[in-house]
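Only one structure is covered here, and it is reproduced in the block below.
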Amino acid sequence: MNIDVISKPAFSVIGREGSTEDGEGFIQRLWSEANAHFDEIAHLAKRDENGIPVGFWGAMTDFSHSFHPWEDGFSRGLYLAGVECEDDAVAPEGWVKWWTIPGFKYLRAECTSQTVFTDMLQYLKEQELELAGAVQDFTDPKTGRNYMLFPTKRL
C-alpha cells in the first residue's frame, strides 16, 4: 500500500449531501446525482492554472458538522459528494456547501484495493497514531486516481 504524508489547508466543497441514515448505497446515489447535474456547479469549481478542477471530494463529517470521524465504529455520519470550490462560492439551490473543512496533515493512501480503509486503520494503530478528524475521499482530476485521506494532525 502506497502511503504518503500531505498537508492540506482548510478548503470548501460544494456537492450533494446525504447521511448514513439514507440507507445502503447512499454514497453511490449521491455521486450519481452530483455527476448528472455537475453542469450546475461546474463554474464554481476551484481550478488550477490549466483550468482543471483541483479536486473532487467525498467529504465526511460527524452529524454535528465538526469534521470529527464518523460515529459508532465509522457507521454513522454525513457525506458530501462534490467539488472543491472557492471559499466565497455560493451553493445553488439543491446543492450544499461545506465551509470550511479544517486544514489537516493527512496520511494519503491510494485506493488500490477494497480494504484500504481497514488496512489504514490497522496501520494507524501500529504506528500509534489517532485520527484527528474525519477521513476524506479524494479524486485527483489530473490523474483520475482515488485516495483516502486520514487526518493525523489539525493544522
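The values are calculated or read from the model by the stated rules, or taken from the named source; none is laboratory data. Model, not experiment: these values are computed from the prediction. Using ideal geometry, Cβ is built from the backbone for each residue, glycine included, and neighbour counts are taken over all protein chains shown. Side chains are part of the model used for accessible areas, which takes the heavy atoms of the whole protein and leaves out ligands, DNA and RNA. Shrake-Rupley method; radii C 1.70, N 1.55, O 1.52, S 1.80 Å.
Here are some notes:
- Residues (within 18 Å of the chain's Cα centre (by Cα), surrounded by 15 or more Cβ atoms within 10 Å (Cβ to Cβ) and farther than 26 Å from Phe104 by Cα) located in the range 32-44: Glu33, Phe38
- Qualifying residue in the range 55-62 (condition: open to solvent by 60 Å² or more (accessible area, probe 1.4 Å) and of a type in the set (Ser, Thr, Tyr)): no
- Which listed residue is over 24 Å from Glu110 (Cα atoms) and aromatic (Phe, Trp, Tyr), from Phe11, Phe63: Phe63
- Boolean, Ala109 is among the aliphatic types (A, V, I, L, M), part of a loop (DSSP other than H, G, I, E, B) and in contact (Cβ under 8 Å) with a residue 40 or more places away in the chain: no
- Search result, residues across the range 122-143 that are open to solvent by less than 50 Å² (accessible area, probe 1.4 Å) and free of Cβ contacts under 8 Å to residues at least 40 places away in the same chain: Leu124, Ala132
- A single member of Arg76, Arg47, Arg29, Arg16 is touching a residue at least 24 places away in the same chain (Cβ under 8 Å), open to solvent by 60 Å² or more (accessible area, probe 1.4 Å) and of a type in the set (Lys, Arg), and it is Arg76.
- Looking only at the range 144-155, and only at residues there that are open to solvent by less than 80 Å² (accessible area, probe 1.4 Å) and touching a residue at least 24 places away in the same chain (Cβ under 8 Å), the one that is farthest from the chain's Cα centre (by Cα): Thr152
- For the residues Thr115, Thr143, the requirement of being of a type in the set (S, T, N, Q), modelled with pLDDT of 95 or more and closer than 27 Å to Asp22 by Cβ singles out Thr115.
- Any hit, the range 90-100, residues being closer than 18 Å to Pro151 by Cα, aliphatic (A, V, I, L, M), touching a strand residue (DSSP E or B) at 6+ places or on another chain (Cβ under 8 Å) and outside any loop (DSSP other than H, G, I, E, B): no
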